Amino acid sequence: MKDQGNYSELELCAAFGVSRAGYRYYVSQPSTQRKCTQLELLAEIKAIHKDHNLKVYGSPRMTKELQARGWKCSENTV
């Protein structure tokens, strides 16, 4: 939640359609290894889009490109 500091807790809960207790539970949870890996993968996907100057790069091609760069992932992950 990048913009968390710019909005009140109540505004964030309303925007996401969650209860305040649910929001507090979510932000109190530590980052998991899987979540960190997914964020790294997302950054790599964005880099590939930027490198290839493409707005559309389907999951089959993206998967092959990621695997060529050393990532172990499937089309479903992408």
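The values are calculated or read from the model by the stated rules, or taken from the named source; none is laboratory data. Fair warning: this is a prediction, and the values are worked out from it, not measured in the lab. Don't worry about glycine lacking a Cβ; one is built from the backbone with ideal geometry, like all the others, and counts go over all protein chains shown.
Per-structure values
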quantity: Candidates Ser19, Ser59, filtered to the one that is without any contact (Cβ under 8 Å) to a residue 24 or more places away in the chain and within 22 Å of Tyr7 (Cβ to Cβ); calculated: Ser19
quantity: Tally of residues being touching a residue at least 24 places away in the same chain (Cβ under 8 Å) and in a helix (DSSP H, G or I) across the range 63-78; calculated: 1
quantity: Filter pass, Met1 being surrounded by 10 or more Cβ atoms within 10 Å (Cβ to Cβ), out of contact with any Phe, Trp or Tyr (no Cβ under 6 Å at 6 or more places or on another chain) and modelled with pLDDT under 90; calculated: yes
